[in-house]
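The values are calculated or read from the model by the stated rules, or taken from the named source; none is laboratory data. Keep in mind that this is a model prediction, so the values were computed, not measured. Cβ placement follows ideal geometry from the backbone for every residue including glycine, while neighbour counts extend to all protein chains displayed. Just so you know, the surface numbers come from the protein's heavy atoms only, side chains and all, with ligands and any DNA or RNA stripped out. Shrake-Rupley method; radii C 1.70, N 1.55, O 1.52, S 1.80 Å.
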Amino acid sequence: MGRRQSRARGPDRHAETCGGRLWRLVPGYDADAAKELSRTFEDVQGYDDMVLLRDIEVESHCEHHMAPFLGKAYVAYVPAEKVVGISKLARVVEIFSKRLQTQETLTQLIAQAIEDNLLPAGTAVLIDAEHQCMTTRGVHHRHVSTITTRFTGVFKSDPTLQDRFLKLARG
């Protein structure tokens, strides 16, 4: 996935100003989440419950202020026919985190990559992050976190499973 049209020139302008150093902060544009999720294991031996990774570190930059937002991602899926190595899920979070976007977009991109490549029964993503644009400029409110979620498939249609994910994610 490339850069969205709404900010296609912004990062280039900043990169020119910074002498090209900006692109070192956002190497996710050169990485391919689909490739990371392409090596799967189809012998799940009947496993049909949630696979959940908790506390995946998120370090990203807001496309509006070019300020970092830092937090944790919680990613789950219910396999349908195949599973992927768990490190690959963390890698997908890392790939998309290393791009300029909003937290809402980041949450959606992670869920969509898992949906498109693993074809699971459902996907759940929660990101809890503090935005440095709130702490270092403007309103100067510290310790305010933003939570975004995205649920697909059985996580969207089954409130009990969604609630279980949220309880397990918050541990």
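What to note about this one:
- Solvent-accessible surface (1.4 angstrom probe) belonging to THR146, in square angstrom, nearest 10: 50
- Region 92-171, accessible surface, carbon-and-sulfur percent (1.4 angstrom probe): 52
- Binned Cα-Cα distances of region 47-111, short to long, each 5 Å bin given as a whole percent: 4, 17, 28, 22, 14, 9, 5, 2, 0
- Amide H partners (placed H, <5 Å) of PHE69, local residues excluded: SER60, HIS61, CYS62, GLN132
- Using the 1.4 Å probe convention, the accessible area of region 47-171 works out to 47 Å² per residue with neighbouring protein chains retained.
- Over the Cα atoms of region 77-171, the radius of gyration divided by the Kirkwood radius equals 1.02; this is the Rg/Rh ratio.
- 11 Å cut-off, amide nitrogen to a point 7 angstrom out along THR146 Cα→Cβ, residues in region 67-100: 67-70
- Separation in nanometres of the label points that stand 7 Å from Cα toward Cβ, at ARG54 and ILE86: 1.1
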